[in-house]
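Undergrad: Please find one structure pasted underneath; my questions will follow.
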């Protein structure tokens, strides 16, 4: 293991059940991956290649059939409390206000749960600050149906970060939004990450999104998923949206698109 690896996958294979394991039918195979402390990685690849499965393994929602996973130096043996998650559907609870939706993890995750009632005012203040950071000041008492899709997704990211996790996992978080809103949220996520330097694992179909946000982009093969390309994004930070119109940026996007096109056609493994 690399000493500074925050996430460390060591020869990880996953079959979804015993029958599939007996048939050597794996959803993901032979994953060796080390993510440095504070690194932002993105995972791209064809639909059904195992990107979301990889997320479940990282958070301990699935256990590997073979191999081992360490996060923050500890073996993953069950669901992690040090991670926050946001998905394509914001899944805000419709009967709770924006503020109460954001506070939800503090009501259910220790060590916050035990003293939630005593510290509710303090936690609410933390939630208000976070909402203000993503441009939702003034919307704390609105219900999800009173918010646009982009606003709901901002609230969802706040909910994922309210318990100050060491790692944020994002599964297609901006996929359902229009292009303008999506780019706005890229910048919000960039700023939150720059300020707090938590680890981020972003699963996305959007190659521009992956290149704009990530330090490193990994391409997955068709199922059974394995990482076939590792691309370090050598673009200076902080990045603003203007960079997405430069030849340097476009060349990286085209290179990644070429890899995915080759995988789609042949399923061939490309050397990293």
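Undergrad: Distance from the Cα centre of the stretch 62-88 to that of the stretch 1-45, in angstrom?
TA: Here the two parts' Cα centres lie 10 Å apart.
Undergrad: Taking only the Cα atoms of the stretch 78-156, how large is their convex hull per residue, in Å³?
TA: Considering the Cα atoms of the stretch 78-156, their hull volume per residue is 102 Å³.
Undergrad: While we're here: Could you estimate the translational diffusion coefficient of the stretch 1-145 from the Stokes-Einstein equation, with Rh from the Kirkwood formula over C-alpha pairs, at 20 °C and 1.002 mPa s, in whole µm²/s?
TA: 120
Undergrad: Right, something else. Starting from 0.36 nm per residue, how many nanometres of slack lie between residue 116 and residue 148 once their C-alpha separation is accounted for?
TA: Contour length minus the Cα-Cα distance gives 8.6 nm.
Undergrad: Continuing with this model, one more query. Pull up the DSSP beta bridges for the stretch 136-272 and report the antiparallel fraction as a percent, rounded to 5.
TA: 50
Undergrad: Normalise the Cα radius of gyration of the stretch 136-208 by 2.2 N^0.38 Å (N = residues in it) and let me know the number. Before the final figure, lay out the partial values.
TA: Values: Rg = 12.4 Å, N = 73, 2.2 N^0.38 = 11.2 Å.
Working it through for the stretch 136-208, the quotient is 1.10.
Undergrad: Take each of the peptides 93-100, 222-229, 129-136, average the number of other beta-carbon atoms within 10 Å over its residues, and list them starting from the highest.
TA: Put in order of decreasing packing, that is 222-229, 129-136, 93-100.
Undergrad: Over the stretch 98-241, consider all pairs of different Cα atoms and compute the Kirkwood hydrodynamic radius from their mean reciprocal separation; express it in Å, one decimal.
TA: Kirkwood hydrodynamic radius for the stretch 98-241: 16.6 Å.
Undergrad: Give the dimensionless ratio obtained when the Cα radius of gyration of the stretch 27-76 is divided by 2.2 N^0.38 Å.
TA: 1.15
Undergrad: Related question: Taking only the alpha-carbon atoms of the stretch 103-143, what semi-axes of the equivalent ellipsoid follow from 5 times the gyration tensor eigenvalues under a square root, in whole Å, largest first?
TA: Details: eigenvalues 87, 17, 16 Å².
With the √(5λ) rule applied to the stretch 103-143, the semi-axes are 21, 9, 9 Å.
Undergrad: Something else: Mean projection of the alpha-carbon convex hull of the chain over all orientations, in nm²?
TA: Working: hull surface 61.4 nm².
Result: a mean projected hull area of 15.3 nm².
Undergrad: Compute the length gained on full extension between residue 194 and residue 251: take 0.36 nm times their separation in residues and subtract their Cα-Cα distance, giving the result in nm to one decimal.
TA: Full-extension gain reported as 18.1 nm.
Every read-out reported here was derived from the displayed coordinates using simple, explicitly stated rules and does not represent laboratory data. As the structure is a computational prediction, the values presented were derived from the model and not from experiment. Cβ sites come from the backbone with ideal geometry, for glycine too, and all protein chains shown count toward neighbours.
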